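**Student:** Attaching a single structure in structure tokens format; questions to follow.
Bear in mind that the values in this text are calculations on the coordinates, not laboratory data. Being a predicted model, the structure only gives us computed values, none of them experimental. Cβ: placed from backbone, ideal geometry, glycine included. Neighbour counts: every protein chain shown.
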Amino acid sequence: MNHSFTYIIRFLLFIVAYLIVFYYPLQRVLALMDQRDNLPLQIIAYILLLLPFIGTLMMKVKETITTRVIGTISMLWLGYSFILFSIVVVFEIINLLTPIDFEVLGIILLILSIGITLYGTYNAFTLYPKHIYINSNKIEKNYKIAQITDVHIGSRTPWFLKKVVDKIKTLNVDFLVITGDLVDVKNISKQQLSALSTLSIPVFYVSGNHERYVDLEKIYENLKANNVDVLRNEKRNFGEIEIIGIEDEHAKDTVEKALSKIKTNDKKFTLLLYHKPEGFEYSVKRKINLKLAGHTHNGQIFPFNYLVKLEFKQVQGLFEEKGFYSYVSPGTGTWGPTIRLGSKNEISVFHLVAKQH
């Protein structure tokens, strides 16, 4: 009984939040445009309100070009609605302090939200290499490593993965690491991941939470078929670098438990791959030189980055403690709406620089 009551409360809270974020802003703009009584526009507004549920349901029933297009449009509508909601909230605050009243205001809010969404969509298709330099006395020569994470094939197309791979080929790195959430839907085939097999460098991969939500073992199989080295709580060696890969799990102490079973070589530069920005304190205790993660997307769409900060201490960027480092990538792709606002699709490039002895 208590469980059912909790479920009902959560469902009602979800409905209220959904209506506030995705129904109210559009109705407010229509009111400002004096179009609340326009029946065709109201019908369109109600269709748009239900569109995300329709798109998701159609994709689950059968994935075709038509359902994928509808699904993509529905996710873009969700992203646009959140942007419109943010703009309307700012307007309401200003309106409380200094009442604003002129006829074209609704049109201005509509155009502003559409313009910001178009920019966010363009940004979501643009790749930004970021170079990070780390000095180390554990290596005799310099190394160059690329990291991609949260590409989200499923939400994004195999074409986008090819674009990422083509960019990596221009960076002249020694090897590539993928820190999870490469795939986020079922039935992504070996062929759809085949761009990875065109790389002439080693590729190391650890799972993310989204792979756990779908068919993890099949994803592992398809990646191995494309020459990707899948690390499942184990390590590999590349020259003077020891690469440790830990599978994503829900538990907060996953890094600690997994590392307790893995013996590390203190003479090598240790590189730890784990999807979430968790376990840095323990990796410092184990003297892991560099821990790489993703997962946060840096919020993906502003101001979600502030909400992400409530969950994780490390949201993006390089962190240092006692000479050991952690880097959290904002992600290489997008999940849900193909929109990035206040964040970027990043390919992280690490320059490990040998200190002069």
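**Student:** So which of 268/291; 169/190; 252/322; 291/344; 261/291; 190/291 end up more than 24 Å apart by C-alpha?
**Tutor:** Cα-Cα > 24 Å for 190/291; rest within.
**Student:** How big is segment 303-357 on each of its three principal axes, counting only the C-alpha atoms and giving the largest first in Å?
**Tutor:** Ordered largest first, segment 303-357 gives principal extents of 49, 23, 14 Å.
**Student:** Can you give the charge dipole size of the chain about its Cα centre, rounded to the nearest 20 debye, using +1 on the beta carbon of Lys and Arg and -1 on the beta carbon of Asp and Glu?
**Tutor:** 1080
**Student:** Related question: Taking just the alpha-carbon atoms of segment 264-357, what radius of gyration and Dmax come out, in angstrom?
**Tutor:** Gyration radius and largest Cα-Cα distance of segment 264-357: 14.7, 50 Å.
**Student:** Please report the relative contact order for segment 2-124, taking Cα pairs under 8 Å with a sequence separation of at least 6, and give it as a percent rounded to a whole number.
**Tutor:** 33
**Student:** Moving on to the next point. Taking θ = phi - 60°, what integer Hz values does the Karplus form 6.51 cos²θ - 1.76 cosθ + 1.60 yield along segment 328-341, in sequence order, with x for Gly and Pro?
**Tutor:** In residue order, the calculated couplings are 10, 7, x, x, 9, x, 9, 10, x, x, 7, 9, 10, 9 Hz.
**Student:** Moving on. Find the relative contact order for the chain and round it to a whole percent, using C-alpha pairs within less than 8 Å whose residues are 6+ positions apart.
**Tutor:** 21
**Student:** May I ask which residue of 305, 282, 180 lies farthest towards the positive end of the charge dipole of the chain, with charges of +1 (Lys, Arg) and -1 (Asp, Glu) on Cβ and the Cα centre as origin?
**Tutor:** 282
**Student:** Mind giving me the FRET efficiency for residue 131 and residue 4? R0 is 41 Å, r the Cβ-Cβ distance, nearest 0.05 is fine.
**Tutor:** 0.15
**Student:** Can you tell me which of 295, 250, 210 moves the most in a GNM of the chain? Springs connect C-alpha atoms under 10 Å apart.
**Tutor:** Checking each option, the largest mean-square fluctuation is seen for 250.
**Student:** Taking 32 Å as the cut-off for C-alpha to C-alpha distance, list the pairs among 162/257; 267/309; 285/309; 130/313 that go past it.
**Tutor:** Where the Cα-Cα span goes over 32 Å, the pairs concerned are 162/257; 267/309.
**Student:** Now, a different point. Which one of 78, 64, 9 is farthest out on the positive end of the charge dipole of segment 2-124, using unit charges on Cβ (Lys, Arg +1; Asp, Glu -1) and the Cα centre as origin?
**Tutor:** With unit charges placed on the Cβ atoms, the residue in question is 64.
**Student:** For segment 155-265, compute Rh as the Kirkwood radius over C-alpha pairs and then the Stokes-Einstein diffusion coefficient at 20 °C and 1.002 mPa s; write the answer in µm²/s, rounded to an integer.
**Tutor:** For the chosen part, D equals 145 µm²/s.
**Student:** Would you compute, for the Cα atoms of the chain, the largest minus smallest coordinate along each principal axis and list the three values in descending order, in whole Å?
**Tutor:** 75, 52, 47
**Student:** Could I have the simple spin-label model distance between residue 285 and residue 216, label points 7 Å from Cα toward Cβ, reported in nm to one decimal?
**Tutor:** 2.4
**Student:** Over segment 190-342, what is the mean sequence separation of C-alpha contacts under 8 Å (at least six apart), divided by residue count, expressed as relative contact order in percent?
**Tutor:** 17
**Student:** Between residue 197 and residue 112, 0.36 nm times their residue separation minus their Cα-Cα distance comes to what?
**Tutor:** 26.4 nm
**Student:** Which one, 12, 290, 26, has the greatest fluctuation when you compute a Gaussian network model over the chain with C-alpha springs under 10 angstrom?
**Tutor:** Maximum among the listed residues: 12.
**Student:** So what are the three principal axis dimensions of segment 85-174 from its Cα atoms, in whole Å, longest to shortest?
**Tutor:** Principal axes ranked by extent give 68, 34, 19 Å for the Cα atoms.
**Student:** Skipping prolines and chain starts, which residues have an amide H placed within reach, meaning under 5 Å, of the one on residue 242, given they are 5 or more residues away or on another chain?
**Tutor:** Amide H neighbours of residue 242: 269, 270, 271.
**Student:** Another question about this same structure. Rounded to the nearest 500, what is the 222 nm mean residue ellipticity of the chain from helices alone, with -39500 (n - 2.57) per DSSP H run of 4+ residues and division by all residues?
**Tutor:** Helices in the chain give a 222 nm mean residue ellipticity of -14000 deg cm²/dmol.
**Student:** What helices does the chain have that are whole DSSP H segments, at least 15 Å long along their own axis by Cα, and with mean Kyte-Doolittle hydropathy of 1.6 or more?
**Tutor:** 2-22, 39-61, 65-97, 105-124
**Student:** Here's a follow-up. Mind giving me the FRET efficiency for residue 97 and residue 310? R0 is 22 Å, r the Cβ-Cβ distance, nearest 0.05 is fine.
**Tutor:** The computed FRET efficiency comes out at 0.20.
**Student:** For segment 2-124, divide the Cα radius of gyration by the Kirkwood radius and give the resulting Rg/Rh value with two decimals.
**Tutor:** In segment 2-124, Rg relative to Rh is 1.03.
**Student:** Still on this structure, I have one more. So if we plug the beta-carbon distance of residue 170 and residue 41 into 1/(1 + (r/R0)^6) with R0 = 35 Å, what FRET efficiency do we get, rounded to 0.05?
**Tutor:** 0.15
**Student:** Only Lys, Arg, Asp and Glu count, each charged at its Cβ (+1, +1, -1, -1), so figure out the dipole size of segment 1-77 about its Cα centre, rounded to 20 debye.
**Tutor:** 240
**Student:** If we count other beta carbons within 10 Å of each Cβ, what is the order of 243, 9, 262, fewest first?
**Tutor:** Result, fewest neighbours first: 9, 262, 243.
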